[in-house]
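A short write-up of the structure that comes next.
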Amino acid sequence: MADTSTMPTPTIAKAGGLPVLSHSHFMQKLKEENRFEKNRFTVAKRLERFQLTLSDEENADSQINLESTLGYVPYHEDLLPRWNAFADSQKDNESITSITVRNSCIPPSPFFKDKIYPIFQKNKNITSLELQGVNRSLIFGVISVLKMKKCCKLVSLDLSWNKTRFTDIARYQSLSEAIGNHPSLAYVNFSNNALGENVDHLSLVLKGSDKLESLILDSNDIDSDGVDLIMKFLKSNKTLTTLSLSDNDFGNKGVKAFASTFEENDDMALRELNLSKNGLTLATKVESKVLSDMLMHIDLSHNLIGVQGLKNVVAYLAGNPPLACMNLAGNILRNNVAALLMGALKRNTNLAHLNLGHNSFTKASVPCMVDALKNNSTLLTLDLTDNKIKPKSGGRKELVKNALFDSTTLQSIIDSNHSCQVYLSDNNWGNKDTHEVEIRKMNAFGNKGKTIRYKLVLAMFTLKTIPFNPLAFQHISLELMPRLLEFVQQEMGHKGFGKDVWNASRKGKGGKCLTRVYEVVTGWSMLPSLFERGPDKVKKKKKKQATKKRKRDDGKECIPGKRGK
């Protein structure tokens, strides 16, 4: 290591009232310690982002957010002034409800005890705590605080992506007690912490989670033995409604444990289950029993579900279970299963969201998809992004036209699907030809009448795919005439109409609005009857003649018809 006696004094600037370490000095220190020599530019950018984040968040009274979005920022002694300045800025703050720290490392002990612990002492209304990609000093300190009962009103705790790997099992015991000491705690995320490497560690975490509503254990290397432990936990748990085990790769052996547990315990509280990225095939009847009728949401994305597994999924959907959301993205599904899946969708009246993205469907699958959409009014979203259904000749235009926006005639538009939002592309590529983005936004209205009106305006007055024929409206009733006159004056982008679905840069001209109004009114069959007089003649009322008073010779008034006494 180089001699630090000749090192220049660090340059401290001012930014937002907080000292900012100069990049040159920081980079020199890192280089001398042989750290990040191959990525010096990135480290400088990370440091800059870290400093700006602290400056930007210093005025947020109720939320603390310390984050490096460009990657992990290791602790260095030259960052200590920044951390001290931050802690001092919060020492009198008693209104904090949320603390978030991502990709950043606090100074070593006793910094937490001297600077961070007093912040927790003064703020008993903290409900959200998120510590992602932080060092052990911060995690150990927070756990010690949470072990104390009534230290805060915690509802959400996120300790994901820390790779803690506590060597001492007492640390996991402390974590278990910290979670269990908060009856208000409903959500815990402990993803990517290598819990599966030791079932004793996993067991302690589950022990403290017995009153949670949501537990996230993604990317923890949990194998079939770990799944067995989780199943024992689920059998005795009466509060957990959401469980996520994505990216653990426990395979079909692990999913069999789920299937048998669900079959024997159909009264569990579990409603949402994430089993994505676990190498599942669901090829056997036993494995497919993981598709339980008690579930409302299941994520099976990025597995290995082939033809046989898809057949089991189809049989499950055809039974019309209460399931509302299913994710089958990334299972290499092809055209040979499209007809089976879409056939089940036609008969299902409960499924509201289906994700089939990142598969291999092509133009050949479009006809059965159109048939399913035209015969299903309960599906609200269908995700087909990143398939091989391309604009123009690739089938995307046919799918939008035939299922969602058939602008051939007025009746064909009315008969289209007005409830399902279909996603065909991650961006607007090809939208100029299909108008899929605008149609998707219209179908999201949740109001069938409004959706149809917008589609008619788009077809008749903007795209002009349906010729405007005033005679089509000649027999409309008098009560509906004001709405019709309003309708024929509308055009996408004209005077703000359709601003919630139409690109603001494409403004309608509205040049023929008055012409359409004139043509509708003059062609209206009821117009002459408004000016016709009925068969009965109007009776004229006779006017009463006013009686004139005159005076007699003696000066008294004389009324005609009356004789004076």
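Applying the selection to the stretch 61-83, what residues are outside any loop (DSSP other than H, G, I, E, B), touching a helix residue (DSSP H, G or I) at 6+ places or on another chain (Cβ under 7 Å) and open to solvent by 20 Å² or more (accessible area, probe 1.4 Å)?
Asn65, Glu67, Asp78
Filter the stretch 389-447 down to the residues that are of a type in the set (Lys, Arg) and crowded, with 17+ Cβ neighbours inside 10 Å, then identify the one that is farthest from Ala352 (Cα to Cα).
Across the stretch 389-447, the extreme among qualifying residues is Lys397.
Restricting attention to the stretch 220-277, report how many residues are free of Cβ contacts under 8 Å to residues at least 40 places away in the same chain, in a loop (DSSP other than H, G, I, E, B) and under 27 Å from the mean Cα position of the chain (by Cα).
Residues flagged as free of Cβ contacts under 8 Å to residues at least 40 places away in the same chain, in a loop (DSSP other than H, G, I, E, B) and under 27 Å from the mean Cα position of the chain (by Cα) within the stretch 220-277 amount to 13.
Sort out which residues of the stretch 489-547 are modelled with pLDDT of 60 or more, small (Gly, Ala, Ser) and assigned to a loop (DSSP other than H, G, I, E, B), and write them in order of number.
Gly493, Gly496, Gly498, Ala504, Ser505, Gly508, Gly510, Gly511, Gly523, Ser525
So which residues in the stretch 372-384 are surrounded by fewer than 17 Cβ atoms within 10 Å (Cβ to Cβ) and under 24 Å from the mean Cα position of the chain (by Cα)?
Ser377, Thr378
Considering only the stretch 316-353, state which residues are touching a helix residue (DSSP H, G or I) at 6+ places or on another chain (Cβ under 7 Å), more than 16 Å from Leu282 (Cα to Cα) and open to solvent by less than 20 Å² (accessible area, probe 1.4 Å).
Result: Ala338, Met342, Ala344, Leu345, Asn348, Leu351.
All but one of (1) open to solvent by less than 10 Å² (accessible area, probe 1.4 Å); (2) modelled with pLDDT of 90 or more; (3) assigned to a loop (DSSP other than H, G, I, E, B); (4) in contact with a helix residue (DSSP H, G or I) (Cβ under 9 Å, 6 or more places away or on another chain) hold for Asp210; state the number of the condition that does not hold.
For Asp210, the exception is condition (1).
Looking only at the stretch 303-326, decide whether some residue is within 22 Å of Ala444 (Cβ to Cβ) and part of a loop (DSSP other than H, G, I, E, B).
Checking the stretch 303-326: at least one residue is within 22 Å of Ala444 (Cβ to Cβ) and part of a loop (DSSP other than H, G, I, E, B).
Output the residues belonging to the stretch 162-175 that are open to solvent by 10 Å² or more (accessible area, probe 1.4 Å) and modelled with pLDDT of 90 or more.
Of everything in the stretch 162-175, those that are open to solvent by 10 Å² or more (accessible area, probe 1.4 Å) and modelled with pLDDT of 90 or more turn out to be Gln173, Ser174.
Could you run through the stretch 417-439 and say how many residues are hydroxyl-bearing (Ser, Thr, Tyr) and either modelled with pLDDT under 85 or touching a Phe, Trp or Tyr at 6+ places or on another chain (Cβ under 6 Å) (or both)?
Residues flagged as hydroxyl-bearing (Ser, Thr, Tyr) and either modelled with pLDDT under 85 or touching a Phe, Trp or Tyr at 6+ places or on another chain (Cβ under 6 Å) (or both) within the stretch 417-439 amount to 1.
The values are calculated or read from the model by the stated rules, or taken from the named source; none is laboratory data. In this text, all values refer to a predicted model and were calculated from it rather than measured experimentally. We place every Cβ from the backbone using ideal geometry, glycine too, and count neighbours over all the protein chains shown. Surface accessibility is based on the protein's heavy atoms, side chains included, excluding ligands, DNA and RNA. Shrake-Rupley method; radii C 1.70, N 1.55, O 1.52, S 1.80 Å.
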